[in-house]
Amino acid sequence: MLNHLDIENIAVIEKASIDFEAGLNVLTGETGAGKSIIIDAINAVLGFRTSRALVRTGAAFAQVIAEFSPVSPAVQEYLQSLEMEVPEDSLILQRRIQADGKTSCRINSKPVTAAVMKEVGERLVNIHGQHDSQKLLDSARHYRYIDKLLDDDSVLESYREAYAQLVKILKELKALQADESEKERLTERLRYEIDEIEKANIYVGEKQKLAEQKARLNALSALKEALHFAKLQLAGDDDAPGAQALVGAAIAKLEEADFKELGAIAEKLLTAQEALTEAGEALGDQLADLDLSPEMIEQIEDRLNLYYEFSNRYGSSEEEILAYLESAKERLNSIERADEKRAQLEAQLAAQKETTYRLAQVLSAARHKSAASFKRQVEEQLHFLNMPAAVFEVEFRDGAITKTGIDEIEFLISVNAGEEPKPLAAVASGGELSRIMLAFRAVLGAKEAVPTLIFDEIDTGVSGIAAGKVGRKLRQVSKSAQVICVSHLAQIAAAATAQYLIEKEEREGRTYTRVRALDFEGRQREIARITGGMQINELMLENAKQLLKEYDNDNL
């Protein structure tokens, strides 16, 4: 429930702090004092749309902080779905509105979006104002009230699961019924890709192996070039003599000169010539042993180029290419077996339609039972709320299968004796709608998962005996949920378990609104004021005192 509310710079409220209680909390005060501003502040902190017009004139920002405890299971579940920390004791919501219109939201000091704040807020509080009464006129919402009173929730859940499965099958069937020419183009492409990859004989590890072979061949090519250069330097060619020829020429020149004294040098030159000859032959043998087939190099290059091309289309690794191949085969198989799959889905669809329709009928039967109980209880509540001739009906019409079932449900009412029940929009006045809404809440009671209910101006169009009965009914509803109510009626104020006075004053040309909890004497004076105006006398005070005691002694 809402335990505490801090308001700062909201419209005419500079600062206000309210400690709410369990039970029925009623806000009263003169017209224009700011009662509805309290509701606006609560709306803001619950994440509903707001504007900079709410910021007090001259203030840099407005702020609302609300504390709730205990934290309801619905809120805990939602926060867990967002992977947010779930508080154990209390939940603190904070909304700040800058003068330029920018807003920020926090839940237990953690920044969140307004959308998240609203989702949390809807699990904490239901605010029922004149706008909410208008929702009763929307027949598309009426089935929800009936479903809340179902004896067995499993019938609703079973139907929803069946309908979800029906939608799933319909989507699969629709996907199969794609454009035939598009399927033909896709089939042709898949067959080409499968054939191309299979012919390539891809296997895991080949790309690495080819890269290693290419690196080794590059190294051998460099070696071959070095050997050929060395052999050329030794043996020479047609263009230039090599070392062997040059040494031989040197020896021949020495022999021609018959330079006997240099015999030792000539001997060394002969030895060098023999060594150079042997080295040249050895280099020739090494070159002959190096098998660097141009075809082999070309094959490796072509294979690596294939992998490069495939990487742009099928995957960067052999594993990815082979996985793409399997996926393409599966897709092709799915297309080629489309007729068979379509027949299967059509059979499943027929069976699921039958199952869904059967469960829809089970749900409809449960709703009829729930509706009979709802009708009886609502009429009892309306009769109590000073609508003694009210006749309430729940009309069922057969409809198509939808996510909500096969029932089109609409509420009908007659508020005057002898009149046929008609749709709410055609019959009920504003005050009657308020009482109908209150009757619904009284019937639903603990079925409402939201722990706090706020009624803004529920006394519109209500007076006299009806007002007293509305007060009693609000008090009764507050036994299963905290109720906060804005009212102008003494009978409703007297029914409160806690009452707060909203009053304003002018200081130095500015308007200030404050909120204070009233004790018994304060409540007595405020109820007397509501009843008789500003001139309060002893009789008014005594009447207010008796009214308060009447509710205190009333076994509600």
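The values are calculated or read from the model by the stated rules, or taken from the named source; none is laboratory data. The model shown is predicted, which means the values in this text are computed figures rather than measured ones. Glycine gets a Cβ as well: all are built from the backbone with ideal geometry, and neighbour counts include every protein chain shown. Side chains are part of the model used for accessible areas, which takes the heavy atoms of the whole protein and leaves out ligands, DNA and RNA. Shrake-Rupley method; radii C 1.70, N 1.55, O 1.52, S 1.80 Å.
Here Asp302 does not qualify as under 26 Å from Glu184 (Cβ atoms), of a type in the set (Asp, Glu) and open to solvent by 40 Å² or more (accessible area, probe 1.4 Å). Within segment 459-508, being more than 18 Å from Thr531 (Cα to Cα) and of a type in the set (A, V, I, L, M) holds for Leu474, Val477, Ala481, Val483, Ile484, Ala498. Among the residues making up segment 84-105, a single one is of a type in the set (Ser, Thr, Tyr) and more than 14 Å from Met117 (Cα to Cα): Ser90. Scanning segment 486-501 for residues being in a strand (DSSP E or B) and modelled with pLDDT of 90 or more gives a total of 4. Taking Ser36, is it open to solvent by 40 Å² or more (accessible area, probe 1.4 Å), part of a helix (DSSP H, G or I) and closer than 23 Å to Ala495 by Cα? Spelling it out, Ser36 is indeed open to solvent by 40 Å² or more (accessible area, probe 1.4 Å), part of a helix (DSSP H, G or I) and closer than 23 Å to Ala495 by Cα.
Please count how many residues of segment 507-529 are outside any helix (DSSP H, G or I) and more than 47 Å from the chain's Cα centre (by Cα).
We begin by selecting, within segment 507-529, every residue outside any helix (DSSP H, G or I); these are 507-519.
Next cut, more than 47 Å from the chain's Cα centre (by Cα) only: 507-509.
Within segment 507-529, residues that are outside any helix (DSSP H, G or I) and more than 47 Å from the chain's Cα centre (by Cα) number 3.
Consider segment 112-130 and keep the residues that are part of a strand (DSSP E or B) and of a type in the set (A, V, I, L, M, F, W, C). The one that is farthest from Thr452 (Cα to Cα) is Val112. Of the residues in segment 392-413, not one is under 21 Å from Leu438 (Cα atoms), in contact (Cβ under 8 Å) with a residue 12 or more places away in the chain and in a loop (DSSP other than H, G, I, E, B). It is to be established whether one or more residues within segment 95-111 are part of a loop (DSSP other than H, G, I, E, B) and under 30 Å from Ala495 (Cβ atoms). Within segment 95-111, not a single residue is part of a loop (DSSP other than H, G, I, E, B) and under 30 Å from Ala495 (Cβ atoms).
When you go through Leu474, Leu547, Leu541 one by one, which is the residue that is within 47 Å of the chain's Cα centre (by Cα) and either in a helix (DSSP H, G or I) or closer than 23 Å to Ile18 by Cβ (or both)? Let's see the steps before the verdict.
Values: Leu547 fails: within 47 Å of the chain's Cα centre (by Cα); Leu541 fails: within 47 Å of the chain's Cα centre (by Cα).
Of the residues listed, the single one that is within 47 Å of the chain's Cα centre (by Cα) and either in a helix (DSSP H, G or I) or closer than 23 Å to Ile18 by Cβ (or both) is Leu474.
When segment 17-32 is limited to residues that are open to solvent by 10 Å² or more (accessible area, probe 1.4 Å) and assigned to a strand (DSSP E or B), the one that is modelled with the lowest pLDDT turns out to be Ser17. Just checking, does segment 314-331 include any residue being out of contact with any helix residue (DSSP H, G or I) (no Cβ under 7 Å at 6 or more places or on another chain) and of a type in the set (Val, Ile, Thr)? For segment 314-331, residues out of contact with any helix residue (DSSP H, G or I) (no Cβ under 7 Å at 6 or more places or on another chain) and of a type in the set (Val, Ile, Thr): absent.
In segment 321-360, of all residues being under 30 Å from Lys209 (Cβ atoms) and open to solvent by 90 Å² or more (accessible area, probe 1.4 Å), the one that is modelled with the highest pLDDT corresponds to Glu326.
Determine, yes or no, whether Ile492 is surrounded by 15 or more Cβ atoms within 10 Å (Cβ to Cβ) and under 11 Å from Val26 (Cβ atoms). Full working, then the answer.
Working: surrounded by 15 or more Cβ atoms within 10 Å (Cβ to Cβ): yes; under 11 Å from Val26 (Cβ atoms): yes.
Considered against the rule, which asks whether it is surrounded by 15 or more Cβ atoms within 10 Å (Cβ to Cβ) and under 11 Å from Val26 (Cβ atoms), Ile492 comes out as yes.
Of all residues in segment 372-389, exactly one satisfies the criterion of being of a type in the set (A, V, I, L, M), part of a helix (DSSP H, G or I) and either open to solvent by 30 Å² or more (accessible area, probe 1.4 Å) or modelled with pLDDT of 95 or more (or both), namely Ala372.
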